Every structure is written in structure tokens, then in C-alpha cells.
1. Evaluate the distance, in nm, between pseudo-label points positioned 7 Å from the Cα of Asn47 and of Ala330 along their respective Cα→Cβ axes.
2. Where nothing but the Cβ of Lys and Arg (+1) and of Asp and Glu (-1) is charged, how large is the charge dipole of the chain around its Cα centre, in debye to the nearest 20?
3. By per-residue mean of other Cβ atoms within 10 Å, what is the highest-first order of 277-285, 8-16, 135-143?
4. Can you work out the Karplus-derived ³J(HN,Hα) for every residue in the range 353-366? Use 6.51 cos²θ - 1.76 cosθ + 1.60 with θ = phi - 60°, whole Hz, and x for glycine or proline.
5. Which value, in Å³ per residue, describes the convex hull spanned by the Cα atoms of the range 114-230?
6. Report the gain in length on full extension from Trp180 to Arg349: 0.36 nm times residue separation, minus Cα-Cα distance, nm rounded to one decimal.
7. Excluding residues on the same chain fewer than 8 positions from Lys241, give the lysines whose Cα lies under 28 Å from its Cα.
8. Under 8 Å for C-alpha pairs, at least 6 residues apart: give me the relative contact order for the range 220-329, rounded to a whole percent.
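Taken together, the values in this text are just the output of simple stated rules run on the coordinates, not laboratory data. The structure displayed is predicted, hence computed values, not measured ones. So basically every Cβ, Gly included, is an ideal-geometry build from the backbone, and we count neighbours across all protein chains shown.
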Amino acid sequence: MIPPGKTLGILGGGQLGRMLGQAAQSLGYRMHVFEPAGPCPAGAVANKEVIASYDDTAALTAFARECAVVTYEFENIPSAPLAAIAPLVPLRPAAEVLHTTQNRQREKAWLRTHGFPHARYAEALDGDIAPAVADVGLPCVVKTADFGYDGKGQMKIADAADLERAVAIFRGRRCVVERWVEFACEVSVIVARSTTGETRAFPVAENIHTHHILDFSIVPARVAPTVSREAELLAAAIVEKLGVVGLLAVEMFVTTAGALLVNELAPRPHNSGHWSIDGCATSQFEQHVRAVCGLPLGAVDVREPTVMVNILGDAWKWENEKVVGDPNWAALLAEPRAKLHLYGKAEPRPGRKMGHFTVRAADAETALARARELKAQL
Ligand code: AMP
């Protein structure tokens, strides 16, 4: 066990690192953050902020030497530099987990090899997606293997004209082509696994995306209890098989026939788990700290049905591509059952995650209705 008072190192300094660091600090840990891009949301609350490239082995090893354990809030970290810190400090989840989940081809192949349900897919070989599309059939979606998030690097292909454009756009790139899933809804399960192998799944969140970006997370998810149970068991089986120490977010589709298909894995706190700060006995961030520090896991009971809403840069008042005013915080703050979380990002940009808010109510429908009203007032 790494006791409170020791230092947790976080690779990546975005909002996930910030909220993770805040949870670590309230348990009495020190938190150091390593971020290439410059002063960052996590750095603003860190005990120490290191700004250097992931390829700067000297900076990374110096960082690692000051930490009792290192984790990450961001998956697109090159694996070679991580090998340099491996002899110095435990990295949790392990580098192999990151290697598998940071690339869609490897992730899908892993799901296939281990028999976990997923949408039919084919790998695009030789930089040409046409054979993979022929294999999978239309409609389908092409996704780049690396560096995709929030729908970036993706394109739906419904007909021959789309295909012609997609072939040109994705030529020479490593991609997977996935059958388009007619889903009833999207859900996610965030599951923790401790150093002793204990696993605990947070209750299932139902996720509504707008333009590929998470808009609302609703807990409890409005799915049949059998679907919830199955989703939690599936996530627990995956975290176990992958050998994660820490959190794993498992995004899934619930098909119109009621089956579950795994869409994506992320070995870190996840946007669809932000509800847990206000709505759960233990937040996902505290749970991740507990798991990577070798503490026992916390309880995951829902305190009250909760809806989380992302606040994007679009919520600011814009004129001629310039920000001319803040969102209507007063309206949100006037709701006593809402909680505002802002990430301290200096510059709003369209599509940029600036913060989120949660609303709690006696049931999920009431919380969602109130969340929609508050969002509209922002
Ligand atoms: P991803 O980056 O894979 O999480 O995809 C972002 C979003 O695109 C998902 O949350 C879905 O809303 C949508 N999407 C991705 N893949 C599929 C698919 N195979 N079928 C239908 N919708 C999809």
C-alpha cells in the first residue's frame, strides 16, 4: 500500500488529471503532473507541474523518481518513454494495458481474441479501406486506428459516394471499418480493479452524444435491470482479463434487440463517470487513486439519481468567432440541486470541454428534464 503523504504522478494535465489530483489531495497524497502542452488544468492544482515532452527521457525519469506511483489521464502517450520509467516506479494501469487500448486495431483484436461482444469489423490493410468495407457491408463507419477521440478521425459510409470520398480521405492511414450499429442507447460502465484483484463496477451510465461528443450521462441508465447487470458483469470480466490496476471505462452499445456490444475501452477516469463526484458514495477519481495506491476500493452506491451535462466552449456568447460573454452561470447557480464544475481552461473554443454540471433528483427522468432546462438557460 502506498500510504497518504506519498506522491502520485499523473501523465497528462487535462481536466481528468485535475479532478484526479484533487481526489488524491483530499486523501492526503501529493500530486505531480507531467504535461507537454504548457500550463494546464491539472497543473493549476498540482504540488508540482513539469512541462516537457513525453520524449524527454531525462525530464520523465526525474519526474518518476519523485513519485511513489505513476498513472495517466490520457491514452496517446508513446510507449517507448514509458519503458524508461518502468524500472523506477510502478505505472498503473500497466504499459501493456495502455498499448492495447490506445490503438483501435489492437483493442478490437483483443476483444475478438478474448470473445467479448463487439460490432463486426475489418482492418483496412495497405492503406485502402475498400476491401474492409466490402467485407463489413454498408452502412459502416471507418475509424483511424490511432489518436481518435470524440468522433475525430471517423466517417460514416452509407453509400457508394461516401465510399469514394472515404477511400481518398483515409488512403495510407491505419484504420478499422466497423459495421454501423442500430443502437437503442449507449451505456458505459466504469470498473475498478485493485492491486489485490478486487473489482467493483460503478452503476451503468446511459450516455447521449451530440455531434460525437458526450452531452448527457444519466444514472441510473434507463435500461432493463438484466441489461444493467449484464453490462456490469461484462465490464468486470474485461477489467480482469486485461489485468488493469486502476479504472477501466467500457463504452457499449445496447442494440435494439437488447444485446450489448463493446465499443471502446479507456484505462482511466472517463467523462461518463463525472456524475460520481456528486452522485455516488465514492467518485471515480477517488476510486482510481485508491486502486493505483493499493488501498481497498470504496463503495459505489448511487446517492441519488444524477444527470451530468458537459459544458463546451459553445456555451459562451460568441459574435464573429469571438467570445463576447460568459454562459449564464447565475441561472445554473440558482438551482440548489445543481453542482457546477469548471476546469480552469483560459480560452473557450467550440467543442472544447470547459466544465460540466450535475443535477440530482428523486428519479432519472426528473433529473434529465431539469438538466435540459438548465442547459438551455446557460
Ligand atoms: P467512438 O469514438 O468510437 O467512441 O465513437 C463516437 C460515437 O460515434 C459513439 O459514441 C457513437 O455514438 C458513434 N458510433 C461509433 N461507432 C459506431 C457504430 N459502429 N455504429 C453506430 N454508431 C457508432
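1. About 4.2 nm separates the two model spin labels.
2. On the way: 39 positive and 42 negative charges, 121 e Å.
Taking the Cα centre of the chain as origin, the dipole is about 580 debye.
3. Details: 277-285: 22.1, 8-16: 25.3, 135-143: 19.3.
So the order, starting with the most tightly packed, is 8-16, 277-285, 135-143.
4. Result, rounded to whole Hz: 7, 9, x, 8, 9, 10, 9, 10, 7, 5, 8, 5, 4, 5.
5. On the way: hull volume 17.3 nm³, N = 117.
With only Cα atoms used, the range 114-230 gives 148 Å³ per residue.
6. Details: separation 169, 0.36 × 169 = 60.84 nm, distance 3.00 nm.
Full-extension gain reported as 57.8 nm.
7. Candidates past the 8-residue exclusion: Lys108, Lys143.
8. Working: 119 pairs, mean separation 19.7, N = 110.
Across the range 220-329, relative contact order equals 18 percent.
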